[in-house]
Structure formats: structure tokens, C-alpha cells
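Some notes on the structure that comes next.
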Amino acid sequence: MRTGVRTGVSSPRRRGAVVAALMLAMALAALDATIIATAVPQIVGDLGGFSVFSWLFSGYLLAVTVTLPVYGKLSDTFGRKPVLLFGIALFLLGSLLCAGAWDMAALIAFRVVQGLGGGAIQGTVQTLAADLYPLEQRPKIQAKLSTVWAVSAVAGPGLGGVLAAYADWRWIFLINLPVGAVALWLIARHLHEPARSHAAESRIDWAGAAAVFACGGVLLTAVVQGGVAWPWLSAPSLTLFGTGALLAVAAVFIERRAAEPIIPGWVWRRRTIAAVNLALGALGLLMVAPTVFLPTYAQSVLRLDPVAAGFVLSVMTLSWPVSAALSQHVYRRIGFRNTAVVGMAAAALILLSFQLVPYPGSAWQPALIMLLLGAALGLFQLPLMVGVQSTVGWAERGTTTASVLFCRQIGQTVGAAVFGAIANGVLTARLGGSADLDSAARNPGDAGVRRAIDAAVDAVYLGAACAAGLALVVLLTVAPRRFPVLKQEPEANPGAKPEAKAPAAESHASRPASGAPQQSQENRQSQVPRVD
């Protein structure tokens, strides 16, 4: 049924306003971790709670991760705009509450509120980027979003340090308010989605959403806190894992009987989506090595100050968006899967090369490795994201995008636990007793500690190379050689259930095969978001 909404954009300037809003919204989530990290000493000094401050990050991560699939389903049902507006508003509410926190427990609770909004922002921004742009133009918007993460990684720590040192740590949360307000206004004013005639008839699987949320929260708590707050084989750890397993069974039972499940079975039954989910999960796993362990290595082994150590890591975020923007010239020739294979194969070799860095080494050596790694991963991630979004229509794109981001977040969480255990094991063996990276880093002048940290980070990077190998195996054995790209993007009538249609196998130029069904001009005009 035609909704009477025209397609396209009224002017490049108007679409530019929406893209600016998406970048501002993404900046809220991208700056979140990096800007707070440098202010932790001031926060703890003011509120106390040193023993639980890590939940400032873990609580936010848990909330984002377990809500991603829920928001993905909601955006497919009710549209992207209301979900994104709700997510930004909730994030800003959480920021305001964080600024007024009176103790560490309150701050952690309000960080969870921020995370509930952050889950809507991360998934919906990525989905809207695919909705607004046709396949051949999506690398441009994805490169812009990658640039937001790159700038945030470089500017976040410095900005957080300046605010904490010269103003007050509460301003770290208050600066979100004007940024988010501008994003809210631009989206409300310029982004218009077609009427969703079937949205009122759609049923939301709230029981499934609650089961997924509870299961994810319990299991991620077990993984994040295991080996840190309590031993892996202790009663709290075993209780959490057992409870998580029971909740997982309950979630599967509920989802299989739901008319419109939060995590539909087709996400894993379709080879392309399942392969991208697993491959991006492996990416989240390997990313723990540079983002978590390299700064400690740079300060303790290379004896760099915090600013210089941050630069060693940030060079990766400089090459990543450039490589992502250029990847379209590669996947148009050799296809999405093969481009990702080239990128991840290069990443595996680059991660292995960390073993060749001599002790103590020079700063340019790991910096060069990170520069090359960013270029390789940009060639890996963006083709998979663009490719998998192009295999589904409007009504399935939110769920698909959320499932990919969900798996990447799960990979990061599992990687933090696994690589943390590996690093602690090497440190314990080298130092002859119980140790961890935090306690070792407090003694940077000790030659034995420096050697132990060097060996521990070498082991972590070797594990990251294995994760890269896992991603390669998935791409080569599970992913189809050519992604089944839909002939017309996006699909007609987003309010209706997708019709059966023959997708077009991706050619080397990502052109649909001849013979795929054509959409009418009226249908195409009825469902594309417009900006004016």
C-alpha cells in the first residue's frame, strides 16, 4: 500500500544535516569509554568505591550488549527514527543522572541507564546509514562513521583529562547534553520515515526480550567478573554460569514459540548472516589485544608517558577509516567475502609480527604494527557490514545489523576474560607468584616486571592472531563466495513482511544477476526514508 511519501532527498544539504546528526549520535557512544578512562582517579577520589569502579565500564557494556537485539527488532517494527530518538534521549538522561551521582553505586546504576540508550544508538545509526544510501554509496557514510570512532579514540583521553584536571569530572557527562540535543533536533526536523501501516498490528515479544536481557546480563557478568572479583571455579562464578545456562534454555524456548521473536531463527539459518556474525565476533575477540593490553605495554615496557602510549594505539584508528573508505574499490572487483579474507589474512600476519618486536624495542615498531593492523581491519570489517546489510530488505535490516553488533560486543567481552586469564597466567609464571597487569604496571622500573609484561603481551597478541585465523576459517567454510545481494535497495513497503523474492548473487562488481524481479517505482518510493 502506498504511503504517499516520496523517495530520495530534497537537497544534499538536507541529507548532510541528517548525516551530521548520525555522526553526533555516534560520537556520544564513541567518546563514552575513552573520555571517562582518564578521569577515573578523580572520580574515585571524590566518590570512593575503588574496588568496584571497573563496573563503570562493565555495567555500560552489559547494558549495550544485551539490548542490541531488542532495539534491532523494535526498529524493524516501528521504524528507525523513534528508536533512535528514544535512545539518544535515554542516553542524555543517564548522562544528567551521572553528573549528579552522589556515590559510586549511584554512578554505576546511572551508567547502566546510559548503556540502555547506547544500545539503541549504536545499532540504529548503523542501520539508518544503510537505509539512506544505496549500495554503491554506503562506503562513504560508513567511512564517516569510522572517522567518528577514530577522532574519539584520539581526542577522548585528552578531553577527559583536561575536564577532570581543570574543571570537574562531572563535566565529562554534562558535555553530552548539548551534543545530544543538536542530534535530537536535526533528526526530528530533517528525517522522515514512511508511514508504517503494519506497525500497529505487529506484536513485540516482550517475554523473549526479557529472557534475552536476563540471560545476556547474567552470562556477561560471569565472564566480566570471573577471575577478577572471584575465582573461575568459585561458587559465585558457577552459580552465574548455571543460571545463565538455564536462562538461555528459557530464552530459546520462548523465542521458538513467539510469533515475532526478538532474535529470529533466520539470523543463524542464513549462511551469509551467520558467517558475518561469527567473523565479527572473532574481530571483537582480537581487538582486545591492542585496545586493552597495548597501552600497558607501551608505558611499562617502552617507558612512554601516557600521551605517547595513547598515540601508539591511536595510529590504528587513523588508518582504519581510510582503508574502509577505499575498500569499495576492492570488493567491487573481487567481492565482499574475498576482500574480507584478504584483510583478515593480512591482520593475522601483522598480529604474528608482534612476536618479532625486540625487547625493549622502540615506539615506532608497535606503532607501525598498529598502523598496518588498522588498514587490514578496515579492509575486513566494512565489506562484511555493507555486504550483509545488502542481503536483506528494510524489514530485516535492523535485526540483522543488531545481530552483527551483538556478536562483536560478545567477542570483546569474552576476549577481555580469555586474554586477561592468559596475561595473568604468564605474569604469574614469570614473577613466581600471584600477579596481574595492574599490580605489575605499578612497578615499571623493575626489570623483571618489564620482561614479564613483554612476555604476557606477546602471548596475548599470539592469541589475537589465532582469533584472526578463526575468522578466516569461518569466512572460507561458512560464508558464500558471493553474497546474495538484493537487486533493489531497499526493499519495498517496510511495514509489510518481506515477500519471497529471488536475490541476486553478488558479482565481482556487486551487480545483481539478470532475471531478478523488478520493483515498481511506486513501491520504491513508498519506503525510503526522506530528509527535508
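The values are calculated or read from the model by the stated rules, or taken from the named source; none is laboratory data. The structure displayed is predicted, hence computed values, not measured ones. Counting neighbours? That spans all protein chains shown, and the Cβs are built from the backbone with ideal geometry, glycine included.
Within the stretch 375-391, residues that are without any contact (Cβ under 8 Å) to a residue 40 or more places away in the chain reach no partner that is of a type outside the set (Gly, Ala, Ser) with beta carbons closer than 9 Å at six or more positions or on different chains.
Each row is one residue, and each column tells you yes or no for (1) in a helix (DSSP H, G or I); (2) within 21 Å of the chain's Cα centre (by Cα); (3) β-branched (Val, Ile, Thr).
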{"site": "280", "(1), (2), (3)": "yes, yes, no"}
{"site": "284", "(1), (2), (3)": "yes, yes, no"}
{"site": "287", "(1), (2), (3)": "yes, yes, no"}
{"site": "292", "(1), (2), (3)": "yes, yes, yes"}
{"site": "297", "(1), (2), (3)": "yes, no, no"}
{"site": "304", "(1), (2), (3)": "no, no, no"}
{"site": "314", "(1), (2), (3)": "yes, yes, no"}
{"site": "321", "(1), (2), (3)": "yes, yes, no"}
{"site": "329", "(1), (2), (3)": "yes, no, no"}
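Inspect the stretch 108-128 for any residue being surrounded by fewer than 21 Cβ atoms within 10 Å (Cβ to Cβ), assigned to a helix (DSSP H, G or I) and either among the small types (Gly, Ala, Ser) or not assigned by TED's automatic domain parsing to the domain that holds residue 77 (or both) and give the result as yes or no. Scanning the stretch 108-128, I find at least one residue that is surrounded by fewer than 21 Cβ atoms within 10 Å (Cβ to Cβ), assigned to a helix (DSSP H, G or I) and either among the small types (Gly, Ala, Ser) or not assigned by TED's automatic domain parsing to the domain that holds residue 77 (or both), so the answer is yes. For the stretch 260-275, a residue qualifies if it is assigned to a helix (DSSP H, G or I) and of a type in the set (D, E, K, R), and the qualifying residues are 269, 271. Cβ separations smaller than 8 Å between residues 6+ apart or across chains give the following pairs from the stretch 402-415 residues that are in a helix (DSSP H, G or I) to residues that are crowded, with 24+ Cβ neighbours inside 10 Å and among the basic types (Lys, Arg): 402/73.
For (1) more than 30 Å from residue 41 (Cα to Cα); (2) touching a helix residue (DSSP H, G or I) at 6+ places or on another chain (Cβ under 6 Å), each residue gets a yes or a no:
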{"position": "66", "(1), (2)": "no, yes"}
{"position": "71", "(1), (2)": "yes, yes"}
{"position": "80", "(1), (2)": "yes, yes"}
{"position": "97", "(1), (2)": "no, yes"}
{"position": "106", "(1), (2)": "no, no"}
{"position": "127", "(1), (2)": "yes, yes"}
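Can you confirm whether residue 397 is in a helix (DSSP H, G or I) and either more than 18 Å from residue 269 (Cα to Cα) or at pLDDT 85 or above (or both)? The answer is no for residue 397. A single member of 330, 288, 342, 292 is touching a residue at least 24 places away in the same chain (Cβ under 8 Å) and crowded, with 20+ Cβ neighbours inside 10 Å, and it is 288. Is one or more of the residues making up the stretch 255-273 surrounded by 21 or more Cβ atoms within 10 Å (Cβ to Cβ) and small (Gly, Ala, Ser)? No, the stretch 255-273 contains no residue that is surrounded by 21 or more Cβ atoms within 10 Å (Cβ to Cβ) and small (Gly, Ala, Ser). Scanning the stretch 249-259 finds no residues that are under 26 Å from residue 398 (Cβ atoms), in contact with a strand residue (DSSP E or B) (Cβ under 9 Å, 6 or more places away or on another chain) and not in a helix (DSSP H, G or I).
Among the residues making up the stretch 290-344, those that are closer than 24 Å to residue 446 by Cβ and of a type in the set (S, T, N, Q) are 296, 299, 300. Of everything in the stretch 47-97 that is under 27 Å from residue 414 (Cα atoms) and not in a helix (DSSP H, G or I), the residue that is modelled with the highest pLDDT is 49. If you check every pair at least six apart or on different chains, which have Cβ atoms under 7 Å apart with a residue in the stretch 206-219 that is in contact (Cβ under 8 Å) with a residue 12 or more places away in the chain and closer than 14 Å to residue 413 by Cβ first and a residue that is assigned to a helix (DSSP H, G or I) and of a type in the set (A, V, I, L, M) second? Hits for this filter: 215/247; 215/248; 215/251; 216/66; 217/62; 217/66; 218/240; 218/247. Checking each residue of the stretch 417-438 against the condition of being within 23 Å of the chain's Cα centre (by Cα), modelled with pLDDT of 85 or more and surrounded by 24 or more Cβ atoms within 10 Å (Cβ to Cβ) gives no match.
Every residue, every condition in (1) farther than 27 Å from residue 302 by Cβ; (2) outside the structural domain of residue 308 (by TED's automatic domain parsing); (3) not small (Gly, Ala, Ser), yes or no:
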residue: 328; (1), (2), (3): yes, no, yes
residue: 338; (1), (2), (3): yes, no, yes
residue: 360; (1), (2), (3): no, no, yes
residue: 364; (1), (2), (3): no, no, yes
residue: 370; (1), (2), (3): no, no, yes
residue: 375; (1), (2), (3): no, no, no
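Of 188, 251, 207, 229, all but one fail to be modelled with pLDDT of 85 or more, surrounded by fewer than 19 Cβ atoms within 10 Å (Cβ to Cβ) and not aromatic (Phe, Trp, Tyr); the exception is 188.
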